[in-house]
Amino acid sequence: MLGVARGRAHLVNVVDRPLPKGKTEVNLSAFAFLFSELVQYFQTKVNNVNELERKLEEAGYGVGLRVLELLCHREKANRRETRLLGILTFIHSTVWKALFGKQADSLEKATTEEDEYMISEKELLVNRFISVPKDMGQFNCGAYVAGIVKGVLDSAGFPARVTAHFVPIEGQLRPRTTILIKFSPEVMLREQRMG
Amino acid sequence: MKAALRPGDAAFANVEKVNAELFTLTYGAVVRQLLTDHEDVDDVNKQLDSMGYNIGIRLIDEFLAKSNSAKCADFRETADVIAKVGFKMFLGVSPTVANWSPDGKECSLLMDDNPLVDFVELPDTCQGLSYCSILCGVLRGALEMISMRTEVRIVKDMLKGDDVYEIRMRLIETVPEELPYKDDE
């Protein structure tokens, strides 16, 4: 593809174009404005907070599918993780870095359940400019990011239920957001078999 | 010696940024959602435009607060500032202003680089989709807040095989500024 004149790039099929390096940036506000429009649009379509979260999750899901494909090509030489811890670390570091410019603050295993993991972020980018009205209770726009994570996991062959929650922390005004991942039983079985 | 930054570059350098791919993919999610919810592609174009309008009327505040732009004397200057500072500050790209009408009320913004469309290819079923029409809404909304009623539309679209993105802006009228209250109230 080298040597293709820039002005002609659009005539080439999208998969034949050189893969962008993913280093370009736009104003954070541009993203925030767009995201807020997405949330507001969904608000006109739903009856309650749960539905709103589900809608955001679905929107994120489509992004997750694309992110996995893109990052596997670009960062991992067309390989993808096949082990549970591998894919979790991939999300916590590679995916997070690509999307949010940094690794996630933490990746932990739940103490009570074998199949639950948590990725936490003190100040999740999508929640930066969002304040949730009191009457919307525990609503968390992080559902969008939960959707992205679910999209990545599903298409990598690790079906899971992924949800976003606010967790208050001492000494900080704003609660942190925890993305809770609960893997499907077949994933856990497969992990056991692989030893 | 370091050359002084152009105003647009300075504005872009001073804002907090986010990876363009997150932005691009999120915009893709918005468009996909609208296509699922609306049967007619024209409705999607309209919806995108109105989302843009909502963004524009808010975005202008941030622009005025952070861009250090002085008041523009006429529409020509306004178009120039939009291209060199506005687009640069929010999207990191600078279109060129061209194709002025003789009366100075209509012009085009031309760009070949557009962060909204990375990874995008329009399928045959969506040829009527004006993928970037959100930009029209943003421009219209932002200009309306500074007393300019405009009509903005996309006339060339690289997703449809054109060699450039061309956004056509026409100034309909300049609305005189009104104070939000009257003396006798």
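Considering only segment B:108-121, state which residues are within 15 Å of B:Tyr165 (Cα to Cα), touching an Asp or Glu at 6+ places or on another chain (Cβ under 9 Å) and surrounded by fewer than 17 Cβ atoms within 10 Å (Cβ to Cβ). Within segment B:108-121, B:Asp112 is the sole residue that qualifies. Selection of segment B:28-52 for residues being at the interface with chain A (Cβ under 10 Å from one of its Cβ atoms) and in contact (Cβ under 8 Å) with a residue 12 or more places away in the chain yields B:Gly28, B:Val30, B:Leu34, B:Gln47, B:Leu48, B:Ser50, B:Met51, B:Gly52. State whether the residues of segment A:115-129 include one that is away from chain B (no Cβ under 14 Å), buried (at least 21 other Cβ atoms within 10 Å of the Cβ), in contact (Cβ under 8 Å) with a residue 60 or more places away in the chain and under 22 Å from A:Val67 (Cα atoms). Yes, the conditions are met somewhere in segment A:115-129.
The set of residues from segment A:70-96 being touching a strand residue (DSSP E or B) at 6+ places or on another chain (Cβ under 9 Å) and closer than 22 Å to B:Phe119 by Cβ comprises A:Ile91, A:Trp96. Checking each residue in segment B:159-171 for being touching a residue at least 24 places away in the same chain (Cβ under 8 Å) and either in contact with a strand residue (DSSP E or B) (Cβ under 6 Å, 6 or more places away or on another chain) or in a loop (DSSP other than H, G, I, E, B) (or both) picks out B:Asp163, B:Val164, B:Tyr165, B:Glu166, B:Ile167, B:Arg168, B:Met169, B:Arg170, B:Leu171. If you filter segment A:44-70 down to residues that are in contact with a helix residue (DSSP H, G or I) (Cβ under 8 Å, 6 or more places away or on another chain) and outside any helix (DSSP H, G or I), you find that the one that is nearest to the other protein chains (Cβ to nearest Cβ) is A:Lys45.
Per-residue answers, yes or no, for (1) within 14 Å of chain A (Cβ to nearest Cβ); (2) more than 19 Å from B:Glu16 (Cα to Cα); (3) within 14 Å of the chain's Cα centre (by Cα); (4) part of a strand (DSSP E or B):
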| residue | (1), (2), (3), (4) |
| --- | --- |
| B:Ile82 | no, yes, yes, no |
| B:Met89 | yes, no, yes, no |
| B:Val93 | yes, no, yes, no |
| B:Trp100 | no, yes, no, no |
| B:Leu110 | yes, yes, yes, yes |
| B:Leu116 | yes, no, yes, no |
| B:Glu144 | no, yes, yes, no |
| B:Arg153 | no, yes, yes, yes |
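Restricting attention to segment B:118-142, the residues that are in a helix (DSSP H, G or I), over 13 Å from B:Arg170 (Cβ atoms) and not charged (D, E, K, R) total 9.
Each value in this text was obtained by applying a stated rule to the coordinates, not by laboratory testing. From a predicted model like this one, the values you see are computed outputs, not experimental measurements. Reconstructed Cβ throughout: ideal geometry from the backbone, glycine too, with neighbour counts over all protein chains shown.
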